[in-house]
Amino acid sequence: MLTRIYNIKKQGQVWKACGDPKAKPSYLIDRNLESAVKFIVRKFPAVETRNNNQQLAQLQKEKSEILKNLALYYFTFVDVMEFKVRDGGCDNNSTVNFDLTKNYLDLVVTYTTLMMLLSRIEERKAIIGLYNYAHEMTHGASDREYPRLGQMIVDYENPLKKMMEEFVPHGKSLSDALVSLQMVYPRRNLSADQWRNAQLLSLISAPSTMLNPAQSDTMPCEYLSLDTMEKWIVCKSYCISSVLCRGSMHRERRKFLRSALKELATVLADQPGLLGPKALFVFMALSFARDEIIWLLRHADNIQKKSTDDFIDKHIAELIFYMEELRAHVRKYGPVMQRYYVQYLSGFDAVVLNELNLSVCPEDESIIMSSFVNTMTSLRVKQGTAYTSVSKASLGISDHRELGKMMNTIIFHTKMVDSLVEMLVETSDLSIFCFYSRAFEKMFQQCLELPSQSRYSICFPLLCTHFMSCTHELCPEERHHIGDRSLSLCNMFLDEMAKQARNLITDICTEQCTLSDQLLPKHCAKTISQAVNKKSKKQTGKKGEPEREKPGVESMRKNRLLVTNLDKLHTALSELCFSINYVPNMVVWEHTFTPREYLTSHLEIRFTKSIVGMTMYNQATQEIAKPSELLTSVRAYMTVLQSIENYVQIDITRVFNNVLLQQTQHLDSHGEPTITSLYTNWYLETLLRQVSNGHIAYFPAMKAFVNLPTENELTFNAEEYSDISEMRSLSELLGPYGMKFLSESLMWHISSQVAELKKLVVENVEVLTQMRTSFDKPDHMAALFKRLTCDVLKRMTIIGVILSFRSLAQEALRDVSEKTHAFLSPFVSQVAMNVYELSSAAGLPCEIDPALVVALSSQKSENISPEEEYKIACLLMVFVAVSLPTLASNVMSQYSPAIEGHCNNIHCLAKAINQIAAALFTIHKGSIEDRLKEFLLASSSLLKIGQETDKTTTRNRESVYLLLDMIVQESPFLTMDLLESCFPYVLLRNAYHAVYKQSVSASA
């Protein structure tokens, strides 16, 4: 009822505060009905409906809505009217009859609170009067409860005056109950110094009595809430004056309780058997701590300006944490406590009670007491205390206080057997935080901001498990509201803790990446230069220039007190991770929360963003980090993440698998670009495009792409991105899946070039067909060649460059696979000989590139027959062969022995011709060897340039001759014997001699 009345009052405040017409019933805000409502309130409770039809006529249309909407409120008021406190004539003494006295005083407090709340509902007269009017108009008579209800509302206009009259019969009972607190209440209001001097709650202050059971004549009163006692006393003037001077006292109490609960929790964790004899200490500690926490919480919004520090406690989380630790001990070792008290009840309590029974109890009560001795059940003991408390009982409990105290003790012991969970709720429930969300969240933020307190931050999510204990089965409508609040707060707290840990880990990773960056080879050049100059006694650089610190200097410390930023980060992280790792999971309103999963989720998201961020890709300038540098940073990042397993029991390998596997795909699970897509795009659109533009050349001797001297210098050094070490780093980062995506992207570009080449063949199909049958007619071939309209060699060179880059990538992938999966490499090598896709994924070379076959297969046109497609493929090879002599006139076609290639990349034609031929004739099921033989026959037109006298057209004749040798060396289908039949080897030998001689003279 108290909750329902509070909700009615709160709903009235909402109606008054918000201007939303939908929030308030129409008949309470309609201006046309305003006069009628005011009339009912003014005449309440004697409203003459028959003689005032004019004032109330406007309510006729709304009577059904009024009955429907106000019925719940009206009958709640009726229930309040029926709720009365009657004096049962019992002996109310908390020291000898605790349960009955406590329930009686709680009932009085509830009734008083209920009537005070009722008097503060501003709309009470309007609600009751409107409902009665609607009832009378509908049923022809007033509601039968209305006269008494209306009179009650009038009587309680001044609730204090009315209740003073009402409680006159209860004077003696209330006085006896409150006077019985005179020994308990002052003892609970001692200062922290007095507690400390008495060594309150200490188990180790007297080691010799550590195993003795904690006893008291008033055991249930020892853990009675101070807040509850103050409600009973209702000493308003004392409470108001004490708030002003109590701030410092409560602050010192909290300080004492933090150390006392820590000691208690530590001892019990080491010796849980002490929970049996010292259970009273545990529940006293929980009750004392809860009282101080509730006091601080209720005064958080009413801080006195002169003593602000007394009302703000940044260490409150520590106190709550130790409370939760004690609660956890009780739940975990509950069976230990139960076994102890079962033996205690039978071995000691039953004996003492039997002696008291024989000495003081009359015959009737002796039968009951004998039953207690035999059974020692909690329920019957409580019934017995209630029976002996009745004034008419022949055995008065007030006359036999020793018996009452003994029965109170036995009740406590039976609670230790049957009601441990209920005892925890009674002494340590903090569900009140549910109604102080702002203060609750503020305490949490203060806890996270203070590094020394962050280890206790888990107590805030754990407090959310208390919230459902403040619900009541007779008020189910608030269950979902409180449950949702507990879930949202728990989720927010765990999420914030994980974010804080993630940010600390990110900062540590940043520091470690910086340290790892200092070890990169690019930073050693200056150190080597200084060493060389020092050896040769050369002075370089400016005077006074500070000497660069070597990596590792940060680990040298002259003083142990010196704390670096990295030390602070590690300390803060270890504290916070202790909190995250404190419990494996927690249940809040039938929902299970796992704190470690929050951290795992945040680490996955941040690791993903960090990897992509460390590429430093700039789309505007097309800048990107070198793969080796990125790999170094990723390894440093992973090393830090692996160290997290020392703090939290999480599977960091799962994080690596989830994140790194996503990075091998084109997009991650959030649809964002990955390092695979970034590097694939950069190599295709930046590096290889500059190769096509003639700014970069592929050097086979170096197995790398190298910048060529040009007027406009490139913003990057191609060699630093394409040498074997960088390609290996790229393969390790992207993995087989990522390298497969890179290959597929390369093949897509090749297929585009092949499609264009086929168009050129179609345009020149007639001429090429004639040339195919005229290889033995040089003059006719020369005449036909002049009729060809386009140059195919540029596109074939582009294809060769792409295939050369892919060859580097595949070789790097093979090296990485052999290194990381050495035990699998022999097996893969044997099986892959028959499975091209497997060999390609492992980086093994294939006679026929499966990726190229798949890419070119997708180009089949429905309008062209397979025979026509095959013919176009054959003519394409002829077209390329007969175009080779034109390369001799190009200045850049000169062969360089140093790089084992040509500066205009025509040496890449060898790879392009072989792999395109193998793929095309595999698709069309033709003979690859026959078609390549035909190619050699067609390329014999190179012999004619040896007869040319024009030096311009033959300037690099020998360099072009070498292409034929490269084609044969590259091909698994051609032999030197076959080449000898088409092109004399002596010409090749002379060509090699000429280009090497020319190279030597040029270098000289």
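Points worth noting:
- In plain terms, the chain from residue 141 to residue 533 could stretch by 129.7 nm, reckoned as 0.36 nm per residue minus the Cα-Cα distance.
- Between the residues 204, 183, 218, the greatest Cα displacement towards the positive end of the dipole of the chain, with unit charges on the Cβ of Lys, Arg, Asp and Glu, is found for 183.
- The share of accessible area on the chain that comes from carbon and sulfur is 53 percent, using a 1.4 angstrom probe.
- Segment residue 685-residue 563, length gained on full extension (0.36 nm per residue, minus Cα span): 39.2 nm
- Per-residue HN-Hα couplings for segment 966-980 [Karplus 6.51, -1.76, 1.60; θ = phi - 60°; Hz; x = Gly/Pro]: 5, 4, 5, 5, 6, 8, x, 10, 10, 10, 5, 4, 5, 5, 4
- Helix-derived mean residue ellipticity, 222 nm - over the chain, DSSP H n ≥ 4, -39500 (n - 2.57), to 500: -20000 deg cm²/dmol
- Over segment 662-722, relative contact order from alpha-carbon pairs under 8 Å, at least 6 apart, %: 18
- Evaluated at q = 0.16, 0.18, 0.22, 0.34 Å⁻¹, a Debye calculation over the C-alpha positions of segment 901-943 (equal weights, vacuum) places log10 I(q)/I(0) at -0.49, -0.60, -0.79, -1.08.
- For segment 896-1004, lysine pairs separated by 8 or more sequence positions, or belonging to different chains, with Cα-Cα distances below 26 Å total 7.
- Annotation: peptides 600-608, 578-586, ranked by per-residue average of other Cβ atoms within 10 Å with the highest first, follow the order 600-608, 578-586.
- Within the chain: Cβ-based charge dipole about Cα centre, in debye rounded to nearest 20 (Lys, Arg +1; Asp, Glu -1): 2320
- Theoretical FRET efficiency, 1/(1+(r/R0)^6), r = Cβ-Cβ of residue 450 and residue 838, R0 41 Å, to 0.05: 0.10
- The chain: relative contact order in percent, alpha carbon pairs under 8 Å with at least 6 residues between: 7
- Over 19 Å apart at the Cα level, from the set 38/63; 550/626; 526/550; 102/415; 102/405, are 550/626.
- When only alpha carbons are used to place a centre, segment 411-476 and segment 255-317 end up 13 Å from one another.
- Between residue 158 and residue 3, the FRET efficiency from the beta-carbon distance, with R0 = 30 Å, is close to 0.75.
- Against the main long axis of the alpha-carbon atoms of the chain, helix 363-375 sits at an angle near 10°.
- Between the alpha-carbon centres of segment 870-945 and segment 679-742 there is a gap of 24 Å.
- Residue among 753, 519, 670 farthest towards the positive dipole end of the chain, charges placed on Cβ: 519
- Fraction of alpha-carbon pairs over 59 Å apart in the chain - percent: 44
- Gyration tensor verdict on segment 170-215 (Cα atoms; rounded if a/c is under 1.5, prolate if a/b is larger than b/c, oblate otherwise): oblate
- In a DSSP loop and with at most 12 other Cβ atoms within 10 Å, the trypsin sites (Lys or Arg not before Pro) in segment 833-936 are 860, 925.
- Per residue solvent-accessible surface (Å²) - the chain, probe of 1.4 Å: 50
- Overall form of segment 572-639 per C-alpha gyration tensor (a/c, 1.5; a/b vs b/c): prolate
- Helix 909-923 axis, angle to the chain major axis (alpha carbon atoms, nearest 10°): 70
- Taking 19 Å as the cut-off, the amide N atoms of segment 870-892 that come nearer than this to a point 7 Å along the Cα-to-beta-carbon line of residue 944 belong to 875-890.
- Volume per residue for segment 866-944 equals 95 cubic angstrom (convex hull of Cα atoms).
- Calculated FRET efficiency for the pair residue 549/residue 707, C-beta based, R₀ 35 Å, to 0.05: 0.60
- For the chain, the longest principal axis of the C-alpha atoms and the axis of helix 437-449 are separated by about 50°.
- Packing order of peptides 692-705, 188-201, highest average first: 692-705, 188-201 (average count of other Cβ atoms within 10 Å over each peptide's residues).
The values are calculated or read from the model by the stated rules, or taken from the named source; none is laboratory data. If you're wondering where the values come from, they're calculated on a predicted model, not measured in any experiment. Every residue, glycine among them, receives a Cβ derived from its backbone with ideal geometry; neighbour counts consider all protein chains shown. These accessible areas exclude ligands, DNA and RNA; they are computed on the full protein's heavy atoms, side chains included. Shrake-Rupley method; radii C 1.70, N 1.55, O 1.52, S 1.80 Å.
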